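To start, the structure itself, in structure tokens.
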Number of protein chains: 2
Amino acid sequence: MTATNELFRLKGYTATTLAEISAAAEAPVGSIYHFFPGGKAELAEAVVLETGEAYRELFVLFVAESSSPGEAVEAFFSGAAETLESSGFLDPCPIGGVGREVANVDERLRRAVGRVFETWVQTLAAGVGVLGVPADRAASVARSVIALLEGGFVLARVERNGDVLRHAGREARGMIERTAAAATVPGSC
Amino acid sequence: MTATNELFRLKGYTATTLAEISAAAEAPVGSIYHFFPGGKAELAEAVVLETGEAYRELFVLFVAESSSPGEAVEAFFSGAAETLESSGFLDPCPIGGVGREVANVDERLRRAVGRVFETWVQTLAAGVGVLGVPADRAASVARSVIALLEGGFVLARVERNGDVLRHAGREARGMIERTAAAATVPGSC
DNA sequence: GTCTATACCGAGATAGAC
DNA sequence: GTCTATCTCGGTATAGAC
């Protein structure tokens with residue numbers, strides 16, 4: 001499944017073939033259908049859910065090592081930039097890539113990606129909420145931060161420049177801290 | 001070429017076939033190769049460049065009708081949300097979609113997408129620059145705004161919710177105005 | 001230059017021996 | 001449950017009549 005993940009990051013969902021996956025995983029094609037009777041789409045769903053949870057847990061680690069959600073987010077963006085550069089600008093997030101490809105084509109996969117994003121939103125929003133931001137506002141900012149991250153992947157990869165992601169990280173942090181400031185001291189600035 | 005554009009927005013680059021394009025454009029397959037000897041990739045490059053310039057000009061219109069770059073950006077995001085909803089959540093931007101799919105696979109296409117993004121960055125940065133923001137800082141914020149837009153497309157489509165884009169628009173506006181404020185009154189806040 | 005027919009290949013999926 | 005051989009379909013691309 002790690003093999004599938006990497007292939008998705010390299011070429012996306014549609015362009016990745018079962019033959020390639022079979023070769024990279026050193027497992028025959030038949031085995032794929034043994035574990036995933038639904039074929040490619042079912043395999044992709046499993047990859048999306050698994051990777052989504054792994055990334056969520058990774059972010060939680062960043063939060064634990066930071067003194068504020070804004071700081072954690074900025075560090076997370078920087079980490080993604082490192083990953084991007086050291087991988088030769090592979091897509092850091094197969095989930096968003098798959099999501100964009102299948103959003104109007106495969107309802108089941110679309111929902112799987114949507115569920116993953118929602119867990120990310122909740123996790124990040126919980127962190128922001130600690131700063132005294134109301135839940136709905138926190139969720140809204142969280143969504144924008146995740147959108148900025150996903151879009152940052154596109155620009156950084158296409159321009160082959162990891163700094164795009166680092167700058168985006170600073171902006172993401174600013175978004176969070178500004179929201180917190182507005183929530184706690186309503187009339188400031 | 002409009003047909004190709006719509007198909008890319010629906011299914012992405014790889015999943016769109018020449019047969020579909022041929023059918024939608026009501027033109028035989030041979031004609032495609034007559035105008036684009038390089039086949040699918042060359043056609044895609046033309047679509048990317050053309051659509052990219054069209055969107056850039058559209059944004060310039062928004063700027064002309066707004067009283068500030070931040071307002072123009074927010075309105076642009078809202079317009080994208082309308083488009084998204086009324087199209088059944090087709091990808092509003094085939095450019096970013098193609099970019100994400102081919103970034104590590106087709107160098108020529110990747111560069112085409114990169115050039116388009118760069119024209120967008122320059123156009124938006126010029127608007128932000130008018131507010132007194134230094135050029136490099138303006139370009140950096142512009143990139144983040146575009147990243148937020150592209151990522152907003154992913155989340156909004158996957159969650160089937162145009163409001164994601166509207167909220168992102170408010171954040172984008174905030175990013176711009178905060179940058180301008182920091183640049184003009186260095187010690188404020 | 002427009003269009004049709006087709007070559008050729010590789011896709012996802014499956015059947016069935018082991 | 002593992003693996004191989006293969007089915008069938010649909011992909012890109014091209015050749016060649018009009």
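If you go through the range A:87-126 one residue at a time, how many are assigned to a helix (DSSP H, G or I) and farther than 17 Å from A:Phe76 by Cα?
17
Under 6 Å by Cβ, and 6 or more places apart or on different chains, what pairs join a residue from the range B:23-39 that is assigned to a loop (DSSP other than H, G, I, E, B) with one that is more than 7 Å from DNA strand D (Cβ to nearest atom)?
Filtered contacts from the range B:23-39: B:Ala25/B:Ala3; B:Phe36/B:Glu42; B:Phe36/B:Leu43.
With the structure loaded, tell me whether B:Ser66 is surrounded by fewer than 19 Cβ atoms within 10 Å (Cβ to Cβ), more than 12 Å from chain A (Cβ to nearest Cβ), within 30 Å of B:Leu131 (Cα to Cα) and more than 11 Å from DNA strand D (Cβ to nearest atom) or whether it fails that test.
Considered against the rule, which asks whether it is surrounded by fewer than 19 Cβ atoms within 10 Å (Cβ to Cβ), more than 12 Å from chain A (Cβ to nearest Cβ), within 30 Å of B:Leu131 (Cα to Cα) and more than 11 Å from DNA strand D (Cβ to nearest atom), B:Ser66 comes out as yes.
I need a count of the residues in the range B:100-110 that are touching a Leu at 6+ places or on another chain (Cβ under 8 Å) and within 22 Å of A:Asn104 (Cα to Cα).
1
Can you pull out the residues in the range A:168-189 that are facing chain B (nearest Cβ under 9 Å) and more than 26 Å from A:Gly114 (Cα to Cα)?
A:Arg178, A:Ala181, A:Ser188, A:Cys189
Just need a number here: residues in the range B:153-167 that are more than 7 Å from chain A (Cβ to nearest Cβ) and not basic (Lys, Arg).
6
Could you tell me which numbered condition A:Ala54 fails, if it satisfies all but one of (1) more than 14 Å from chain B (Cβ to nearest Cβ); (2) within 16 Å of DNA strand D (Cβ to nearest atom); (3) surrounded by fewer than 16 Cβ atoms within 10 Å (Cβ to Cβ); (4) in a helix (DSSP H, G or I)?
With (1) more than 14 Å from chain B (Cβ to nearest Cβ); (2) within 16 Å of DNA strand D (Cβ to nearest atom); (3) surrounded by fewer than 16 Cβ atoms within 10 Å (Cβ to Cβ); (4) in a helix (DSSP H, G or I) applied to A:Ala54, the lone miss is (2).
Checking B:Ala139 against (1) open to solvent by 10 Å² or more (accessible area, probe 1.4 Å); (2) over 14 Å from the mean Cα position of the chain (by Cα); (3) over 21 Å from A:Gly162 (Cα atoms), which test does it fail?
Every listed condition holds for B:Ala139 apart from (3).
Which one is farthest from DNA strand C (Cβ to nearest atom) among residues in the range B:1-46 that are of a type in the set (Gly, Ala, Ser) and within 14 Å of chain A (Cβ to nearest Cβ)?
B:Ala44
Determine which single condition B:Thr83 fails, assuming it passes every other condition in (1) facing chain A (nearest Cβ under 9 Å); (2) of a type in the set (S, T, N, Q); (3) open to solvent by 40 Å² or more (accessible area, probe 1.4 Å).
Tallying (1) facing chain A (nearest Cβ under 9 Å); (2) of a type in the set (S, T, N, Q); (3) open to solvent by 40 Å² or more (accessible area, probe 1.4 Å), B:Thr83 fails exactly one: (1).
Considering only the range A:100-136, state which residues are surrounded by 22 or more Cβ atoms within 10 Å (Cβ to Cβ) and among the acidic types (Asp, Glu).
A:Glu101
Have a look at B:Ser66, B:Ser78, B:Ser86 and point out the one that is touching a residue at least 40 places away in the same chain (Cβ under 8 Å), farther than 23 Å from B:Arg108 by Cβ and not hydrophobic (A, V, I, L, M, F, W, C).
B:Ser78
Taking B:Glu159 as the residue in question, decide whether it is touching a Cys at 6+ places or on another chain (Cβ under 8 Å) and modelled with pLDDT of 95 or more.
So B:Glu159 fails the test.
Among the candidates B:Gly88, B:Gly97, single out the residue that is open to solvent by 20 Å² or more (accessible area, probe 1.4 Å) and within 18 Å of A:Arg100 (Cβ to Cβ).
Matching residue, one of B:Gly88, B:Gly97: B:Gly88.
For the list (1) within 7 Å of another protein chain (Cβ to nearest Cβ); (2) in contact with a Lys or Arg (Cβ under 8 Å, 6 or more places away or on another chain), I need the number of the one condition that B:Glu150 fails.
Every listed condition holds for B:Glu150 apart from (2).
The values are calculated or read from the model by the stated rules, or taken from the named source; none is laboratory data. Nothing here was measured: the structure is a model prediction, and the numbers come from that model. Don't worry about glycine lacking a Cβ; one is built from the backbone with ideal geometry, like all the others, and counts go over all protein chains shown. Only protein heavy atoms, including side chains, enter the accessible area calculation; ligands, DNA and RNA are left aside. Shrake-Rupley method; radii C 1.70, N 1.55, O 1.52, S 1.80 Å.
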